[in-house]
1. Would it be correct to say that Ala83 is small (Gly, Ala, Ser) and either under 30 Å from Leu191 (Cβ atoms) or in contact with a strand residue (DSSP E or B) (Cβ under 9 Å, 6 or more places away or on another chain) (or both)?
2. Quick one: what pairs do we get from segment 27-54, first residue closer than 17 Å to Glu248 by Cα, second loosely packed, with under 13 Cβ neighbours inside 10 Å and among the aliphatic types (A, V, I, L, M), C-beta under 9 Å, 6+ apart or different chains?
3. When the residues of segment 31-49 are filtered to those that are part of a strand (DSSP E or B) and of a type in the set (A, V, I, L, M), which remaining residue is surrounded by the fewest Cβ atoms within 10 Å (Cβ to Cβ)?
4. Specify the residue that is farthest from Ser99 (Cα to Cα); the eligible residues are those in segment 33-70 that are at pLDDT 90 or above and among the basic types (Lys, Arg).
5. Checking Val134 against (1) part of a helix (DSSP H, G or I); (2) touching a strand residue (DSSP E or B) at 6+ places or on another chain (Cβ under 8 Å), which single condition isn't satisfied?
6. Can you say whether Ala87 is part of a helix (DSSP H, G or I) and at pLDDT below 95, as far as the supplied structure shows?
7. Does Ala169 meet the test of being closer than 17 Å to Glu57 by Cβ and not assigned by TED's automatic domain parsing to the domain that holds Pro85?
Amino acid sequence: MNRPVMIAVVLPVGLFAQAFEVASIKPSTPQTRTLGIYTFPGGRITGENRTLRDLMEEAFSVQTFQISGGASWTREDRFDFEAKPPASSPASKLNPRMSKLPPNEVQRQMLRALLVDRFGLKYHRETKEGPVYVLTKGNKLKLQESKDKDEFPWVGSNRGGAIFGDGIAGINISMPLLAVRLSRYMGRPVLDQTGLEGSFDFKFEYPLPSDDQRPDVVASIITSIQGIGLKLQAAKGPVETIVIDEAEKPSAN
């Protein structure tokens, strides 16, 4: 039987190499409709309508299924936050070309420190062998070098929304990022083993069933990936889980 590798992580905020200088966290109001985390020049990050688990996904760069434990409020209560790094931090020199770009690793580390500080988050990591998908090259790649390297990295359906049923399209997407985005829909980690560097544009489409039945998401994604010359195969591999040991609702700023 495979035993999980457990790594306890209960660190005082002062031990983090980087931390935000100023941060505000407050409960979302009923009027808050925006969902997401945004980055701005100077390293500032904002988030609206986010649960603690949502924030952990961003801070640890994991998917929902890789977080376990915690009370029900960690999945239900929503918060808005705004944080700014100190001028001495490399993050303060950042100048993202668009606010939808995700935080970099320094900003993620700051976000982890913020969760420890404001939510009293205590957690540990477990890594064990489990079900994954492996992304590899096929025989005939149907990827084009990105036309615009400054374009927002996007992957979705041909209709412009989430990957669903009618094929797949991508703009300025690297293979590691494609693997991360696919993980969200596949319900398990996707490991990039294509060996392809750089970013790509691609598109593959096929007609939806005539009876308008909702296609199986996993099967349609596998078919779509084959359509752009890649392979997505089920396998066993390392699966990391972030386990919430303790957390509490943040006090007023």
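1. On the way: small (Gly, Ala, Ser): yes; either under 30 Å from Leu191 (Cβ atoms) or in contact with a strand residue (DSSP E or B) (Cβ under 9 Å, 6 or more places away or on another chain) (or both): yes.
For Ala83, the condition - small (Gly, Ala, Ser) and either under 30 Å from Leu191 (Cβ atoms) or in contact with a strand residue (DSSP E or B) (Cβ under 9 Å, 6 or more places away or on another chain) (or both) - is met.
2. As it stands, the answer is Arg50/Leu35; Asp54/Leu35, since those pairs meet every condition given.
3. In the first step, residues of segment 31-49 are kept if they are part of a strand (DSSP E or B); the result is 36-39, 45-49.
Still in the running and of a type in the set (A, V, I, L, M): 37, 45.
Working: Ile37: 21, Ile45: 26.
Filtering segment 31-49 for residues that are part of a strand (DSSP E or B) and of a type in the set (A, V, I, L, M), the one surrounded by the fewest Cβ atoms within 10 Å (Cβ to Cβ) comes out as Ile37.
4. Per the criteria, the residue is Arg53.
5. Here Val134 clears every test but (1).
6. no
7. Judged against the criteria, Ala169 is not a match.
For (1) charged (D, E, K, R); (2) assigned to a strand (DSSP E or B); (3) in contact with a His (Cβ under 9 Å, 6 or more places away or on another chain), each residue gets a yes or a no:
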| position | (1), (2), (3) |
| --- | --- |
| His124 | no, yes, no |
| Lys128 | yes, yes, no |
| Pro176 | no, no, no |
| Asp201 | yes, yes, no |
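The values are calculated or read from the model by the stated rules, or taken from the named source; none is laboratory data. Just so we're clear, the structure is a prediction, and the values are computed from it rather than from any experiment. Note that each Cβ is placed from the backbone with ideal geometry, even for glycine, and that neighbours are counted across all protein chains shown.
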